[in-house]
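The values are calculated or read from the model by the stated rules, or taken from the named source; none is laboratory data. What you see is a predicted model, and the numbers here were worked out from it, not measured in a lab. Cβ placement follows ideal geometry from the backbone for every residue including glycine, while neighbour counts extend to all protein chains displayed. The accessibility values were calculated without ligands, DNA or RNA, using every heavy atom of the protein model including side chains. Shrake-Rupley method; radii C 1.70, N 1.55, O 1.52, S 1.80 Å.
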Amino acid sequence: MTTVMWIFYIIIFFMGASVFSFVNVLIYRIPAQMPFGNDRSICPACKHVLNGYDMIPVFSYLILGGRCRFCKAKISVRYPLVEVLGGGLAVFSFYWFGKLEDGSLEGILRAVLVFVLLAVLTAISFIDIDTLEIPNGLVIAVLSCGLVSIVLFPELGIVPRIIGALAISLPMMILALVIAGAFGGGDIKLMAAAGLFLGWRCVIVAFLVAVLTGGIYGIYLLASKKKDRKGQFAFGPFLCVGIAAAVFAGESIIQWYMGFLI
């Protein structure tokens, strides 16, 4: 990789971290029903308005020693970790889809769309962890990404997308009606929106990855006695992990699995 490309990826990392700094705002403000458009960022503890140098992704946390400059309250380590995650996902999205070496505008637009989807999925995951709810507005954002993907990923036809919107969400809805608490409404709507982006083949992969990872986590909770058999935990984050895995490697996973059947 050339020096120029390294510089590009470093810039992309910090741009991604900056976007995910805003994702942190969404995670905090959406459940609290606070505006997040033009309002200045504040310390959750003392409500003091933060300065620009208090909000430099990752670095401000390190410089301030993980504490508010004004009231010295401890800042959750989640904030810089989410920012680092955003930087990593931005780099990975552009490496996978961007084709920066070729200067492809189509590749760059695809990478941007995937990164936006990952940002929304990250907000959904943490909000679901905190509240056991998935906001409708964020589901609409996933749906919007799916609609844009029709233009940027035309190789996946309309029919597979429509089938994808129903392939998992419809069975989930039926199970939720038959078995109380099987799935939440937010989970069902999320998979419908994701199915439009992924198509029916990859949305099935996404769901299977979610069931596998969620099942492992459920076993851990039972084994550690942190939950009993009737206890609930957020399934949305595992759906989001499955969706992200399917975006990058859905077809590869399908081909790998089919190799065992031949």
(message) I need every pair where a residue in segment 66-84 that is hydrophobic (A, V, I, L, M, F, W, C) has its Cβ under 6 Å from the Cβ of a residue that is open to solvent by 70 Å² or more (accessible area, probe 1.4 Å), sequence separation at least 6 or different chains.
(response) F70/H48
(request) May I ask you to verify whether V159 is without any contact (Cβ under 8 Å) to a residue 24 or more places away in the chain and either open to solvent by 30 Å² or more (accessible area, probe 1.4 Å) or within 21 Å of the chain's Cα centre (by Cα) (or both)? (result) yes
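Okay, residues lined up against (1) open to solvent by 30 Å² or more (accessible area, probe 1.4 Å); (2) outside any helix (DSSP H, G or I); (3) within 19 Å of T131 (Cβ to Cβ); (4) aromatic (F, W, Y):
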| residue | (1), (2), (3), (4) |
| --- | --- |
| I188 | no, no, yes, no |
| L198 | no, no, no, no |
| V203 | no, no, no, no |
| V209 | yes, no, no, no |
| L212 | yes, no, no, no |
| L221 | no, no, yes, no |
| K225 | yes, yes, no, no |
| F233 | yes, yes, yes, yes |
| L239 | no, no, yes, no |
(request) Could you grab the pairs with beta carbons closer than 7 Å, sequence gap of 6+ or different chains, first residue in segment 20-45 and more than 19 Å from S125 (Cα to Cα), second one among the hydroxyl-bearing types (S, T, Y) and open to solvent by 60 Å² or more (accessible area, probe 1.4 Å)? (result) P44/Y28
(message) Condition first: closer than 28 Å to L132 by Cβ and among the β-branched types (V, I, T). Now tell me which residues in segment 144-186 satisfy that.
(response) I168, I174, V178, I179
(request) Specify the residue that is modelled with the highest pLDDT; the eligible residues are those in segment 61-72 that are over 28 Å from the mean Cα position of the chain (by Cα) and open to solvent by less than 90 Å² (accessible area, probe 1.4 Å). (result) C71
(request) Please determine, by comparing only the residues of segment 132-156 that are open to solvent by 80 Å² or more (accessible area, probe 1.4 Å) and hydrophobic (A, V, I, L, M, F, W, C), which one is nearest to A193 (Cα to Cα). (result) I140
(request) Might you let me know whether segment 27-45 holds any residue that is among the hydrophobic types (A, V, I, L, M, F, W, C), open to solvent by less than 30 Å² (accessible area, probe 1.4 Å) and at pLDDT 85 or above? (result) yes
(request) Give the residue, chosen from V151, V139, that is assigned to a helix (DSSP H, G or I) and in contact with a helix residue (DSSP H, G or I) (Cβ under 8 Å, 6 or more places away or on another chain). (result) V139
